[in-house]
Amino acid sequence: FKNNIKLIKNYRISIKNITESILETNGQMEFLKDEIEKIKNQIAHKEQLKINNLENGKITKLTENLNENNKKLKLFQQQFKNENDNIKRETKELKNNQKQSKNLKENVIVEKNQQFIECQDDFNKISEKHKYLQDRITSLESQQLGIGINENKNNKDGNNGSLAQQLMETKKLKSNYQSQIKNTKNKIKGINKELAKLNKEIKAYNNNNNDLQNEYKMKEEHINKLQRELNGNAMDLDGDDDKEQAEDDENIGYNLENQLHQKSQFLNKLRQDIQMLDRTAMSQFNFQYSDPYRNFNRNKVYGKLGKLFNVRSNEYCKAIEICAGGRLYNVIVDTNETAKDLLNNGRLKKRVTIIPLNKIASNTINDSIVQRAKEIVGDEHCNLALNLIGYDNQLESAMKYVFGNVFVCTDMNSAKQVAFNQDIRCKSVTLDGDVFNPAGTLTGGSQQRQGSILENIQQYQLKNQQYTDTQNEYKALQQKLQQFNIKNERKNQIKQQIELLTHELNILKERINDSAYSDLEQRIKDNETELHKLQNEILSDLERKLNITKQKEKDLQQDLKNYEQKKNDQIVHVKKEIVKCKKELKKMEKELERKTENKNRFQQEIDDLNEEYETNMKQIDNINQSINEYKEKCKEIEGKINDIKKENKSIKAELKVEHENITKQDNELKKLEKVVNKNESQYNKMDMTLTKSQNDLENMKQQIKINNRVNEKLLNEFSWLNDDDAINETADDDNQNDDDDNNNDSDIIEDEQEIIQKQNKLKEEQSVLNNRINHKVMSMFERAENEYRDLIKKREIIRQDKKKIESVIRELDKKKEDTLESTYKKVNEHFGNIFSKLLPGTQCKLSKINEENV
C-alpha cells in the first residue's frame, strides 16, 4: 500500500513533467512546421520568379536582342564582304589597265614614235633627193632650151637666173648650211661643257641621294615583306601574281562567336538538367563519408554500385534494376580492410552494405547453361544480365556477384521456360520487371509510376558525357577564337605599319624629288635630251642638206664648165641627163608615195594608241572613283558592324550577369532545400519523441489506475489501513532516518538476499526471452501507430471530400433537370407554332420517352 502511494506520487510527478515536455515539444513542432511552410513558400516563390525570368524576363529579351543583332551583323558582314569583293575586282581591273597604259606609254607608243621618226627621216631624205632631181631636171631643161646664157629668164619652179646665178645661189645656201652646222656644233659643245659641270656638281650630292634611295628601298622592301605576311604568301605588289585571298576574317570571327554563344546556352541547359537529375535521381547514390585516417586514398572507394555500370540499351534498364534490387545501393571498395576502416572511422550517416572486391564470391552461371537457355528460347529472347551491362574490368568480381546468376528474357513465356526448365533452373526477369524464381515464386504486377532508376542514371551519365564533350568543344572554340583574335590583331598591326611606312615612303619620295640632286639630275636629263636632238636630228639634217647642196654646186659647176667648153655636145648630154633624171625622179616619186603612206599609217597608229591611252586613263580615273565609293561604303558598314559588336558585347555582359544571378538563385534554392530537409528530419524526430512521450503518459495513467485499484482492494481487505494511526505509522516509517537502519540489519540483509535472488531469476528469464523478443518491435509499433493515425486522418479527409463532391453532383443534377425541363417546354411550344403555320388547322407536340429522365 505504501509503495503504491509512492509510485502514484512519482507517476503524477512524471506525468506533469511529460505533459510539460509534450507541450514544449508541440510548440517547437508548430514553430518548425511554420518555418518549413515559410521556407517552402519562399522556395516556390523563388522558383516561380526564376521560371518567369527565364520565360519572359530580361534574359529572354537580351537573347532576342542578341539574335536580332547577330542577324543584322551577318547581313552587314555579307554586305561588307560584297563591297570588299567589288574593291578587289575593281583593283584587279585597275592594275590591268595601269599595266596596259604603262605598256602603251613606255613600249608601244615609244616604239611607234621611233618607227615614225625613222620613217620621217627616210621621207625627208627621199624628199630632198626628189627636190634635187626636180631642180636638176629644171636646170637641164633650161640648158636644153638655150636659156643658160639668158640671165633674165625664169624657170617654172621659181629657179631664177642662169647657171652662174644658180651656182651663186647654191653657194649662198651652202654657206648658210655650214654656218648653221657650226652654230649647232657650238651649241653641242656648250651643252657638253654644261653636262660636265653638272655631272661634277651632282657628285657632291651622290652620298646624300644614295642614303635617301637606300632608305626608300629599305622601306619599300619592308612594306613588301609586311604585305606578303599579311596575304599569307609571296605576292608581287604590282599585281603580276595576284591570288584569291582567304575568307573574310570578320565572317570567321562572327561564326566563332556565334558558335561559342550557342555552346554556352547548350552548356547552361545541360547544367540545369544535370542539377535537376542530381537532386532527384542521383541524390540516393551519393556516398558521403569522412576519411578514416589521415592521407586516406579515396580511390579505394569506388562508390555505390548503381553509378559504376551502364546498360547497353534502355529497354533493359527495368530488368537490370530488378536483377540488382537493393544491391544497387551497395558500396564497392577494394579490400575488406578499407570496408572495416569506413565502418569504424568513416562517420557514416546511414547504414550501408559494403562489397570488398578481394573477398566477394563472384559465382556466375555456367556457359553451357547459358547456351542451353538460348537454345530453348532463342538468342534474341534470353541473355545473361552480366552481358547486358558495361563496366570497368577491376569491378568484374562485384558485377559477377550481382548480375552473374540472373537471366533477362524478353517476355514472360521465355522467362518461365528458363526458370523452370530442369536443365537450367535459374532466376529469370522479364523486360517488364516480372521475376520467375525456380523455387516456384512469381513476382510482378503493378509498375512504378516514376521512371526507372537506371534510366535516370543512364540519362544522368549521358547528360554528363554531353556536358564534358560540349565543354571540350567550347574550350577548343575559345582557343580557336583566341588564336584568331591574336592573328587578327597582328593583321591590324601590320596594316597600321604598312600605312605608316607608306606615309613615310611618300614623304621620303617628296624629299628625293625636292632635293638638289633631283634638280641637277633633271637638268642633266634635259641637256642630254637636247644634245641628242641636236646630234641626231638637227645636225644630221643640216649635214644631209649640206651634202645635197654641195652635190648640186658640183653639178652646176660641171654643167657650167661643160656648157662653155662643149656647147654643141652639151645638148645631147643634157637630153640624156634629162631622161636619166626623169626616170630616177619617177622612181623617187613612187618611193616618196610609199613613204608618205607609211608615214600616214604610223601617224594614224600613233593617234589611235594615244586615244587608247587616253581612254585607259579615263577608265583608271573612273575605277579609282568607284573604289573610293566602295571604300566609303565599307567604312560606313564597318562603323555599323562595330556599333553592333559593341552592343553585343554589352548584351553578353548583361547576359553573363543574369546567368550569374540564376546560379546564385540556384545556390540559394539548394541552401533552402537543405534547411527544409534538416527541419523536416528534426520535425520527424520530435514527432517520434512526442509519440513515445504520449505512450509513456498513457502507460503511467494506466499504471496509476492499476495502483489505485490495488490500494482499494487492500483497503477493503485490511480495514485497519483506513485508520489514521496506521497511515501515520506508515508515514513515519517512510520518514525514518538512516540511523534507525542499524537496528534492523538482519532484516535488511534478508531482504537484500531475497532481492538478489529475484534479480538473478529475472535476469535468467530476460536472457531466455532476449533470443525470442524482437527489440525493434517498439519502433516498428510506433511507426505503424503513426501510419495508422495518418491513415485515419486521411480517411476522414476523404470522407469529407466525398460528401462535398456528392452534394455538388446533386446540385448540378438538379440544375440540369430544371434547365432541360424549361428548354423542353420552350422547344415544344415553338415546334407546335411552326407546325400549325405550315399546316393550318393541325396541332403537333413533342412527348418524352421517359417521364422520369429527359
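Some notes on this structure:
- Share of pairwise Cα separations in the stretch 274-331, more than 16 Å, in percent: 56 percent
- The stretch 573-686 - convex hull of alpha carbons, volume per residue in Å³: 125 Å³
- Distance (nanometres) between label positions extended 7 Å along Cα→Cβ at LYS71 and LYS848: 6.3 nm
- For the stretch 167-227, the residue among MET168, ILE188, TYR205 whose Cα projects farthest onto the positive side of the dipole built from Cβ charges is MET168.
- Within the stretch 801-854, the GluC sites (Glu not before Pro) that combine a DSSP coil assignment with at most 13 other C-beta atoms in a 10 angstrom radius are GLU851, GLU852.
- Sorting SER283, SER264 on solvent-accessible area from highest to lowest, probe radius 1.4 Å, gives SER283, SER264.
- Inter-label distance, GLN471 to SER290: 2.9 nm, where each label sits 7 Å from its Cα along the C-beta direction.
- LYS635 accessible area, 1.4 Å probe, all protein chains in place, Å² to nearest 10: 140 Å²
- Set of lysines with alpha-carbon distance to LYS705 below 24 Å, sequence-local pairs under 8 removed: LYS2, LYS6, LYS9, LYS16, LYS692, LYS713
- Using a Förster distance of 30 Å, the FRET efficiency for SER179-ASN506 (Cβ separation, nearest 0.05): 0.05
- Heavy-atom accessible surface of the stretch 317-460, averaged per residue, reaches 52 Å², computed with a 1.4 Å probe.
- Separation of alpha-carbon centers, the stretch 405-419 and the stretch 28-90, rounded to whole Å: 52 Å
- Cα→Cβ-extended label distance, 7 Å offset, between ASN513 and ASN363, nm: 10.4 nm
- Distant-in-sequence amide H partners of LYS427 (H built 1.01 Å from N, under 5 Å): PHE407
- Share of carbon and sulfur in the accessible area of the stretch 247-343 stands at 42%, probe radius 1.4 Å.
- Theoretical FRET efficiency, 1/(1+(r/R0)^6), r = Cβ-Cβ of ASP423 and ASN336, R0 35 Å, to 0.05: 0.45
- Remark: accessible surface ordering of LEU531, LEU342 (largest first) is LEU531, LEU342, probe radius 1.4 Å.
The values are calculated or read from the model by the stated rules, or taken from the named source; none is laboratory data. This is a predicted model, so every value here is computed, not measured. Ideal geometry is used to build each Cβ from the backbone, glycine not excepted, and the neighbour counts take in all protein chains shown. These accessible areas exclude ligands, DNA and RNA; they are computed on the full protein's heavy atoms, side chains included. Shrake-Rupley method; radii C 1.70, N 1.55, O 1.52, S 1.80 Å.
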